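This report concerns only the one structure given below.
The values are calculated or read from the model by the stated rules, or taken from the named source; none is laboratory data. No experiment lies behind these values; they were computed from the predicted model shown. Reconstructed Cβ throughout: ideal geometry from the backbone, glycine too, with neighbour counts over all protein chains shown. SASA here: full protein model, heavy atoms, side chains in, ligands and nucleic acids out. Shrake-Rupley method; radii C 1.70, N 1.55, O 1.52, S 1.80 Å.
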Amino acid sequence: DVCLDHGQALLYHCKDCNTSVCGDCCAIGDHTGHKATKATAIVSEKKHKVAGEIEKLRTNVKPRLVQSVRAVDDVTSKLTRNTAEVRGKIEAAVVPVVNTVQVCGQKLLQDVDDIELRRTKVLDQQRDGLQHQLDAARGASSFGDEVIKEMSEDNEACIGLLVAVEERVESICHEKIEDKPKAHADIDFQPPPEDTLVTKAMDLIGRLLSRNASAAHSSVENGFTQTCTVNSTHR
């Protein structure tokens, strides 16, 4: 390369300006008084330094990077295997819990049906009795009205019939009336609070344990963290 100002070869390197210069640049040009070194010496020095850095890269950095990549790959593969294994354990733990919940649900449904059946039976029997009394009362009152209407006061022959009607009406009037239902309609279901339900469900399923991943912004290193607040024999 040739200096554009002096037309001479750029044989020197100005350290102050970090640029290639010619001899006149150093003697009479803009770089007079600057620290200048022959370009060949700079190139030799840079080549030696770069060669040293490359050797350091080859002997120290690259092996560590290769080892680190392998370590990450190993952990990734192990994570995949462990995840599949843990998923199997979770599914195996969930199935009996779900089955048990379904059985309990069916039992509750059967219980409420039984309660309804027993109470309905009591109420039906009570209603039949009341309806029988009502029919008897209607019949006696209608018959009594007809007797009173059709019979004259001088008809002594009908006294016996009137007495019979009187006794029947009095009997019905003195019968005990079950005027209050013998069974009540009150029945309800109270589910547990949602947070309690989740906690109890997780108590039955198990505990998930995992190590925290170490990161630059994390103050936790290699500490076990409990991701579910539950109790279990799974470890």
Qualifying residue in the stretch 22-30 (condition: farther than 30 Å from Arg207 by Cα and open to solvent by 70 Å² or more (accessible area, probe 1.4 Å)) = yes
Taking Val122 as the residue in question, decide whether it is touching a residue at least 40 places away in the same chain (Cβ under 8 Å), open to solvent by less than 70 Å² (accessible area, probe 1.4 Å) and closer than 30 Å to Leu208 by Cα.
-> no
When (1) within 30 Å of Leu209 (Cβ to Cβ); (2) touching a Leu at 6+ places or on another chain (Cβ under 8 Å); (3) without any contact (Cβ under 8 Å) to a residue 60 or more places away in the chain are applied to Val86, the one that fails is (3)
Count of the stretch 44-79 residues which are within 30 Å of Met202 (Cα to Cα) and open to solvent by 90 Å² or more (accessible area, probe 1.4 Å) = 3
Among residues of the stretch 158-204, those that are farther than 20 Å from Gly139 by Cβ, part of a loop (DSSP other than H, G, I, E, B) and basic (Lys, Arg), counted = 2
Residues of the stretch 158-187 that turn out to be among the acidic types (Asp, Glu) and under 30 Å from Asp113 (Cβ atoms), as a count = 3
Looking at (1) surrounded by fewer than 11 Cβ atoms within 10 Å (Cβ to Cβ); (2) farther than 30 Å from Leu204 by Cα, find the lone condition where Thr83 falls short.
-> (2)
